[in-house]
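*Asks:* Below you'll find the structure I mean.
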Amino acid sequence: MTLISSLALTYISLLVHTYLVRRKNRSGNSETLTWHVMIPCRDEESVIAETVSAARTTFPGLHVWVIDDDSEDATASIVRKLQDFDDKVHLISRRRPDARTGKGHALNAAYRVISDATSQDRKQRHGTVIGVLDADGFLSGNALDLLAGPDAFGEDTVGAVQLEVWMKNRGDRLPRPLSGGFKNFLGRTLIRMQDIEFRTSNSAMQMLRIKTGTVGMGGNGQFTRLSVLDDLDADYGQPWGRKLSEDYELGLNIITRGHRTHYVPEAHVSQEALPYTRRLLTQRTRWAQGNMECAELLPPLRRSGNLRGSGWAEIHYFMGQPWLLMANLLLGPLLFVLALTEGRVGFASGSSVQWVALLAAVFLILPYFLWGILYKYICREDISLIGGIFYGMGYLFYVYLTYLYYPRAMTRMASGQTSWAKTARNADGTSLLPTAALRDELLALPLLDAQIITSLAEELDGAEDFARELVNTFGLIWPRRWANLRLAVAAEDRTATADALASIRVASEMLGAERLARGAADLDEYLDAEDYAGLRRELPIIGSVGEATVEEIRERFVTA
């Protein structure tokens, strides 16, 4: 146990040092490369519109490929409607029995479609980058420029790059709106734990791997050259494999093939954190099982000769952690029972208790507690010092959840279970929340005053193309505006809420969307009174009016 704890303390010390003395990645020009992102979806109607909207309105040159894995909800219909406004939004539909067989299979199917649609010239394919986003993933505005920088894809030997991951709902005050105060407190804490995990310890691990040459790919925010995917397809028959952690498997195969992997913490992808313990355990059990399945990839990686000594040590320690944890789980109780049966419990009294307490603090508490403090000061989160200390203590208990999901993962492996369980979205089930009815004064206002758009075109010497671009942009950007407003209200962020409402109101007035503009103005009154309960209650009205406005635009100006 002393040996295992010493290894853990050494590893964490390396992580902290690397995290504090990081070398910043340099930015480049994203226009020098061609960009595509794939978004695998299975029943993602609650989040897919805002994800596509955010990607396309942030990056004008980015092609977005949504992979509908035989969804049973409105996912495909939502994407088709977005296609009416934007020709860089693409839909790939899969049907059973080929569909719903795992994320890796969906990504492989999309790779073949994109590959066929791309030039076969090797040089052009080397300059084409394929990203993977989760259905709830938002890329930061600097992502593509940093990915194109001289430390990332600006260097020809780099084959794949992973971005840092943030939790976009980390400020949500009521993450479990159907539950009471205590469960919402637990939900808020759990969300922060996941944000701390990905932005501190996990990020530090990837920074260390830059030095060891073993950067791993994650399921969200991974980017790979098309030419590298071609190499994997030639070697393995498909780029993504069959493991439950197809993302980590991809990274290992890329390194085995002789390509470099890199990590960029200065840009990020945001995703939803889970405020439900059971859903989190299900998700992490799948991840743990997937990582352990990847152990069979280590022999060919060693034989490839592409691992230096530090990389060999890092990757084998990481892959061995589940077994070291289980050794601790068995040895701890065993040693305590032996101490009782042999009468050797003197450590609990006398001067030795001070040493026991000191060792416990150094080995068991400090390595995890300090991440809460670093989260406040390095990640510059708007929390107090007391908050940082509280989150550090919470993170200590959060990390020890590994003693729950690793045994579950090992049990699944031993019983031959390899099924892929999709994690439910936080929005699932929220339709039960009470909502306000659409008021008569709003219904009396027109959804759209077409004369305003016509007049605008006439003022621009009949620029019908400009008018069409205006309405297309409004239709495409609406889901992103709606998501920004929801997140701001959920976090009770006055400034962000005011900005989101102003964006909706000004754009609506410019377009003649009077009902939506009035609805946004009405919400300003709740904001002035800091009545966030009222804002949450009225939000569905804005959502429904916005959707109706976009549908009116589509029927009158786009598909007519």
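The values are calculated or read from the model by the stated rules, or taken from the named source; none is laboratory data. Because the structure is predicted, anything quoted here is derived from the model rather than measured. Ideal geometry is used to build each Cβ from the backbone, glycine not excepted, and the neighbour counts take in all protein chains shown. Calculation scope for accessible area: heavy atoms of the full protein, side chains included, ligands and nucleic acids excluded. Shrake-Rupley method; radii C 1.70, N 1.55, O 1.52, S 1.80 Å.
*Asks:* Keeping all protein chains in place, calculate the accessible area per residue for the range 1-152 (probe 1.4 angstrom), answer in Å².
*Replies:* Spelled out: the 1.4 Å probe surface of the range 1-152, per residue, equals 42 Å².
*Asks:* Right, next: If R0 is 30 Å, what FRET efficiency do you get for Met510 and Ala533 from their C-beta distance, rounded to 0.05?
*Replies:* 0.45
*Asks:* Rounded to the nearest whole Å³, what is the per residue volume of the convex hull around the Cα atoms of the range 70-221?
*Replies:* So the per-residue Cα hull volume is 173 Å³.
*Asks:* Using the alpha-carbon atoms, what tilt in degrees (0 to 90, nearest 10) does helix 48-58 show relative to the longest principal axis of the chain?
*Replies:* 80 degrees
*Asks:* Of all accessible surface on the chain at a 1.4 Å probe, what whole percent is carbon and sulfur?
*Replies:* Its accessible area is 56 percent carbon and sulfur atoms.
*Asks:* List, in the order given, every pair from Lys168/Lys376; Lys24/Lys243; Lys24/Lys376; Lys183/Lys243 whose Cα-Cα distance in the structure shown is over 25 Å.
*Replies:* Violating the 25 Å Cα-Cα cut-off are Lys24/Lys243; Lys183/Lys243.
*Asks:* A further question follows. Take every Cα-Cα pair in the range 162-260 and report what % of them are more than 18 Å apart.
*Replies:* 57 percent
*Asks:* How many percent of the alpha carbon pairs in the chain exceed a separation of 32 Å?
*Replies:* The calculated P(r) of the chain puts 50 percent of pairs beyond 32 Å.
*Asks:* Next question, about the same structure. Take the Cβ-Cβ distance between Thr418 and Phe390 as r, set R0 to 45 Å, and report the resulting FRET efficiency rounded to the nearest 0.05.
*Replies:* Step by step, r from the Cβ atoms, then E = 0.70.
*Asks:* State, to one decimal in nm, how far the label point of Leu281 lies from the label point of Glu547, with both points 7 Å from Cα in the Cβ direction.
*Replies:* Reported label-point gap for Leu281 and Glu547 is 3.4 nm.
*Asks:* I'd like the projected area of the range 222-307, averaged over all directions, using the convex hull of its alpha carbons. Report it in nm² with one decimal.
*Replies:* Mean orientational projected area (the range 222-307, Cα hull): 6.8 nm².
*Asks:* Starting from the 7 Å offset along Cα-to-Cβ, what nm value, one decimal, do you get for the label separation of Cys379 and Asp524?
*Replies:* Taking the simple label geometry, Cys379 and Asp524 are separated by 3.5 nm.
*Asks:* Separate question: So, for the range 174-310, what is the accessible surface per residue at a probe of 1.4 Å, expressed in square angstrom?
*Replies:* 33 Å²
*Asks:* Can you give the accessible area of Phe397, probe radius 1.4 Å, in Å² rounded to 10?
*Replies:* 140 Å²
*Asks:* What FRET efficiency comes out for Arg173 versus Ala437 if R0 is 30 angstrom and r is the Cβ-Cβ distance? Round to the nearest 0.05.
*Replies:* Computed FRET efficiency for Arg173 and Ala437: 0.75.
*Asks:* How many angstrom separate the Cα center of the range 183-228 from the Cα center of the range 283-332?
*Replies:* Distance between centres, Cα-based: 17 Å.
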